[in-house]
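Working notes, beginning with the structure itself.
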Amino acid sequence: MGIVNVTPDSFSDGGRWLDPELAIAHGLELAADGADILDVGGESTRPGAAPVEEGEELRRIIPVVSALAARSGVAVSVDTTKAAVAIAAIDAGATIVNDVSAGRLDPRMLDTVAARSVDYIAMHMQGEPRTMQTAPHYHDVVAEVAEFLLDRLVAAEAAGIARERIMVDPGIGFGKTAEHNLTLLCELPTLVDALSDIPVLIGASRKSFLGSLVGGADAAARDDATLATTVWCFERGATAVRVHDVRSAARAARLLETVAAVTPEDVFA
Ligand code: PMM
């Protein structure tokens, strides 16, 4: 999943793609780089971010969703917590709703997704973006995140969203310390097991805990650490990763598939 942030304030690329034409060109490049999904968002969820009003969110993303749905040749997801924005994006061609609130911020979200028969990504977040990094606290972060996601799965299915349309995400960086993020990655197989057959998406790309682990003050310098994380996640049961640098992630995914499919004798014959 390639990230197309049409925001002035996302943490690593805020403002770069605010002009719709630039965002569209960027999305097309990510598709050419090997993205299977383009995730278009108009509201930053970085820690401390202010909420964006619905009209402004629509103004930012709809031209981008419609152009990418028509021209990219890959699926478009809309990164929003608002049912009205999801509806407009679906009408513009999006086929996936990526909801960082897992249906808790807008009571109409789950029904909307069910009625439109699109795919749904439910993410874990402790608190809300404005305050989530103030004092995140867990007794057992892996068990609590798994329990939350299983609860939201029940709610989504109760609303009428088919199970095979649902993907879940532990929400790296959303109400979590660096230690919580690292624990979720270390124990990814436990999380994947607890979620049985539900595909897991991981969004660690350029997040600040990677900088604190490997150094690299600016967000783009975290791409190397992101790539290592991508390989780790794919090897430990993740189905998808949400990344800024699609080219390297897609190459790594291809390599992993090739290595998994052959024996050394095949390679050196
Ligand atoms: N992270 C961000 C935004 N949306 N959606 C999902 N499903 N998972 C994430 O980890 C996630 C997300 C924040 O990162 P950005 O500012 O780079 O988009």
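Label points 7 Å out from Cα along the Cβ direction at residue 111 and residue 137: separation in nm?
Distance between label points: 3.5 nm.
Based on the Cβ-Cβ distance of residue 266 and residue 197, what FRET efficiency does E = 1/(1 + (r/R0)^6) give at R0 = 30 Å, to the nearest 0.05?
Calculated transfer efficiency: 0.50.
For residue 36 and residue 163, FRET efficiency with R0 = 25 Å and r from the beta-carbon atoms, rounded to 0.05?
E(calc), rounded to 0.05, equals 0.80.
So how far apart, in nm, are the two label points at residue 22 and residue 54 if each is 7 Å from Cα heading toward Cβ?
The two pseudo-label positions are separated by 2.9 nm.
Can you pull the one-decimal nm distance between simple spin-label points at residue 224 and residue 212, each 7 Å off the Cα toward Cβ?
Output for this residue pair reads 2.1 nm.
Counting heavy atoms of the protein chains only and a 1.4 Å probe, report the per residue accessible area for the chain as a whole number of Å².
Result: 44 Å² of accessible area for each residue.
Suppose every Lys and Arg Cβ carries +1 and every Asp and Glu Cβ carries -1, with no other charges. What dipole size does the chain come out with about its Cα centre, to the nearest 20 debye? Intermediate results must be reported in sequence, preceding the final value.
On the way: 22 positive and 39 negative charges, 62 e Å.
About 300 debye.
Find how many whole Å separate the alpha carbon centroid of the range 1-74 from the alpha carbon centroid of the range 189-204.
25 Å
Quote the FRET efficiency, to the nearest 0.05, computed for residue 130 versus residue 251 with a Förster distance R0 of 41 Å and r equal to the Cβ-Cβ distance. It would help to have the intermediate numbers written out before the result.
Details: r = 37 Å, r/R0 = 0.90.
In this case the efficiency is close to 0.65.
If you build a Gaussian network model of the chain, linking Cα atoms that sit under 10 Å apart, which residue out of 18, 256, 195 swings the most?
Highest fluctuation among the options: 256.
Using a Gaussian network model of the chain with C-alpha springs under 10 Å, which one of 36, 197, 245 is most mobile by mean-square fluctuation?
Fluctuation is largest for 197.
Would you please name the GluC sites (Glu not before Pro) within the range 1-91 that are DSSP coil residues with at most 13 other C-beta atoms within 10 Å of their C-beta? It would help to have the intermediate numbers written out before the result.
On the way: sites: 21, 29, 43, 53, 54, 56, 57; in loops: 43, 53.
Taking the range 1-91 and a limit of 13 other Cβ atoms within 10 Å, the loop GluC sites (Glu not before Pro) found are 53.
The values are calculated or read from the model by the stated rules, or taken from the named source; none is laboratory data. Keep in mind that what you see is a predicted model, and the values were worked out from it rather than measured. Ideal geometry is used to build each Cβ from the backbone, glycine not excepted, and the neighbour counts take in all protein chains shown. Note: accessible area is taken over every heavy atom of the protein model, side chains too, but ligands, DNA and RNA are not part of it. Shrake-Rupley method; radii C 1.70, N 1.55, O 1.52, S 1.80 Å.
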